[in-house]
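Please read the structure below before turning to the comments.
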Amino acid sequence: MSKVNFSSRIGLIAVTVGSAVGLGNIWRFPAETQANGGGAFILIYVMCMLVLGIPVMLAEFSLGRGTQSDAESAFKKLKPKSKWNVVGILAIIASYMILSFYAVVAGWTFEYLVQSITGNLFSGIDSIDRMDATFHHKMEEFICSDISPLISTYVILALNFFILLAGVQKGIERMSNWMMPILFILLLIFAGVSLSLPDSIQGIEYFFKPDFSKITPHIIVNALGQSFFSLSLGMGILITYSAYYPKKTKLVNTAFTVSLLDLLMAVLMGIIIFPAVMSFGLEGSQLRGTTLVFVTLPEIFAQMPASQLWAVLFFLLLLIAALTSTISIAEVTVAWLQNSFRQSRLKACVFVILPLFLLSALCSLSFGSLGFIKIAGLNIFNLLDTVATNILLPTVALLTCIFIGWSVKTDFLKNQITNNGKVSQRIYPVISFIIRFIAPILLLLVLISAFFEL
Ligand code: PFF
C-alpha cells in the first residue's frame, strides 16, 4: 500500500487523537478517577501510560510506519512465511466487533443531538423532583425500542461510509482537522461554564483529592486497562494510521503528544462533570456510562439557562468524539481489504459498512426484541464488547510486543524510533526494554484479571 500520507503534522495528530478521544474519555475516565482515589488514580494512570501505553503505541507505530502496510500485512512483510499475520487478523476481527457495537452507541448520541435540536429532550419535564425519573424513562424507552436506535445507527454507518470513501486525506484527515479543534473548544467552553458555577471548588476537590488508600492491585490493573482502551491500542488502528505517517514523522514525539492530549481531554471531562454535579446537588447520581450522559447531564442542562443550547453543544461534542473513533476503527478493515485483496476504495468501503447494517442491528436490537438472546449471561452487544475489549485487545497487544521485541531484528524498532539514526536515540533502550520485558508481563496481568472477571 500506501503511497498515501497524511498531508500535515497537525492533520496526523488530529487524526490519531481523534481515534483516541472517544467515549472512554468521556464516560469512563472521570468516574473511574473519582471512585478510585482521585489524584492518586491520575498518578497511577499516568504511570500506566508511561510504562505501558506509550511503549505499546510505539510498537504499533513502528509496525505501521516501518512497513507502510495494513494491520495484517505489516506482520507478513516483516516475517513472511510465518504465522505472525494471525495477530493482525485477530486485531482486524477485534476492531470489527468493536465497530459493530460502538456504531450503536454513536447512534444514541446522534439521536440525543437531534432530540436536543428539536427540543423534544426537554418536553414533559414538569418538576425538578421527577426529572431524574423522566430522563431515565426517556433513555430506557429509546434504547430499548427497536426502530429509532436502529435508524440512528444507520445514520452513523452512512456517515462513516461517506467519510471513508472520500479517502485518507480528503475524508479522514480533513474531517479530523475540522472536528478535533471544535471538540477541544467545546470541552473548554463546558469546563469554563462548570467552573463558574457556585460550588465548583468542592466539585474539583471531589474529583482530584488524592486518596492513596484506595489504590489496590485491582485498581492498578483497572488503570492499565483504561489507558490501553483509551489510547486505542491492540485494535490495529495505530498500525493502520501510522502507515500513512510520512518517513520524517518523529514517532516518540507523536506518541507523547497523542497520549497527553488524550489525557488532557479526559481530565477536562472530569472538570466539567464534578463541579456541575456538586452545584446542582446530584452527587448521588450515577456518574458513568449511559446514565451520566443521557440522564445526569441533561438534568443539569435542564436547570441551566439556555438548556437547549447546552444540550445541543454537548451532544455535538459526544457525536464528534464517537464519530472520529468509529472512522479510525473502520479504516482498519478498509485498508486491509484495499491492500490485501486489491479492492478499490469504493468496494472496500462497501464490504466494511454493508454487513454492519446487519451486525450493528443485532447489537442495537439486543436491548429490544432480541434481548432474550443471551450467551454466558450477556446479550449480543455486551458479549461482543466483553470478548473484544477484555480478551482480544490485550492478546493482540501482548503478541505485538513479543513480535516487535523478540521476533523481528532489533534494528527494526531502533530504526523506526530514531528515523534511521536521524533523531535522538537516548530513549530507545528504555522503550525496547519495556516492549520486551515489562509490557508483556503487564498485559498478561490484564488478561488474567479479565479471565477472572468473566
Ligand atoms: N480510544 C477510544 C475511546 O476511548 O473511546 C477507543 C475506541 C473505541 C476507539 C471504539 C475506536 C472505537 F471505534
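Can you give me the P(r) profile for the range 343-436? Cα pairs, bins 5 angstrom wide beginning at 0, each as a whole percent.
Computed distribution, short to long bins: 3, 11, 12, 11, 10, 11, 11, 11, 10, 6, 3, 1.
Of the listed peptides 429-439, 321-331, 293-303, what is their order by residue-averaged count of other C-beta atoms within 10 Å, with the highest listed first?
Averaged packing, sorted descending, gives the order 321-331, 293-303, 429-439.
Which ordering of Val334, Val51 is given by a fewest-first count of other beta-carbon atoms within 10 Å?
Exposure proxy ranking, most exposed first: Val51, Val334.
Which of the trypsin sites (Lys or Arg not before Pro) across the range 210-309 are loop residues per DSSP, with 16 or fewer other Cβ within 10 Å?
Those that pass, being in a loop and sparsely packed, are Lys247, Lys248.
Taking 0.36 nm per residue of separation and subtracting the Cα-Cα distance, what length does fully extending Met47 through Lys214 add?
58.5 nm
Can you give the log10 of the normalised intensity I(q)/I(0) at q = 0.14, 0.19, 0.20, 0.24 Å⁻¹, computed with Debye over equal Cα scatterers of the range 154-235?
Debye intensities relative to I(0), on a log10 scale: -0.87, -1.03, -1.04, -1.11.
Pull out the extension gain between Leu165 and Lys248, defined as 0.36 nm times the separation in residues minus the alpha carbon to alpha carbon distance; nm, one decimal.
Gain on stretching Leu165 to Lys248: 27.2 nm.
Could you pull out every one of the aspartates and glutamates with an alpha carbon less than 18 Å from that of Lys76, ignoring same-chain neighbours closer than 8 positions?
Partners found: Glu60, Asp411.
Could you work out Rg/(2.2 N^0.38 Å) for the range 205-294, with Rg from alpha carbons only?
1.41
Please report the Cα spread of the range 101-242 along all three principal axes, rounded to whole Å, starting with the longest.
Result, largest extent first: 47, 44, 30 Å.
Hey, could you pull the Cα Rg and Dmax for the range 1-156, both in Å?
In Å, with Rg to one decimal and Dmax whole: 21.1, 68.
Under 18 Å between alpha carbons, and skipping anything fewer than 8 positions from Lys3 in its own chain: which lysines qualify?
Result set, ordered by chain and number: Lys77, Lys170, Lys247, Lys248.
Using the Kirkwood radius over C-alpha pairs as Rh, can you work out the diffusion coefficient of the chain via Stokes-Einstein at 4 °C, viscosity 1.567 mPa s, in µm² per second?
Answer, rounded: 58 µm²/s.
Roughly speaking, what is the centre-to-centre gap between the range 381-421 and the range 9-27 when only Cα atoms are used, to the nearest Å?
Centre-to-centre distance over Cα atoms comes out at 19 Å.
Mind checking which aspartates and glutamates have their Cα closer than 12 Å to the Cα of Lys250? Skip sequence neighbours fewer than 8 apart in that chain.
none
Work out from phi, with θ = phi - 60° and the Karplus expression 6.51 cos²θ - 1.76 cosθ + 1.60, the ³J(HN,Hα) of each residue of the range 218-233, listed in order in whole Hz, and give x for Gly and Pro.
With coefficients 6.51, -1.76 and 1.60, one gets 4, 5, 5, 5, 4, 5, 4, x, 5, 5, 5, 5, 5, 8, 6, 8 Hz.
In degrees between 0 and 90, to the nearest 10, how far off the longest principal axis of the chain does helix 9-20 point, with axes built from Cα atoms?
Computed tilt is about 60 degrees.
Would you list Tyr206, Tyr241 from fewest to most Cβ contacts within 10 Å?
Taking fewest neighbouring Cβ atoms as first place, the list is Tyr206, Tyr241.
Would you please give the residues with an amide H less than 5 Å from that of Leu378, counting only those at least 5 places away or on a separate chain, with H modeled from the backbone geometry?
none
State whether the range 415-454 is rounded, prolate or oblate according to the following rule on the C-alpha gyration tensor (a ≥ b ≥ c being the square roots of its eigenvalues): a/c under 1.5 gives rounded; otherwise a/b larger than b/c gives prolate, and the remaining case gives oblate.
It comes out prolate by the Cα gyration axes.
Each value in this text was obtained by applying a stated rule to the coordinates, not by laboratory testing. No experiment lies behind these values; they were computed from the predicted model shown. Because the Cβ atoms are built from the backbone with ideal geometry, glycine has one as well, and the counts that use them run over all protein chains shown.
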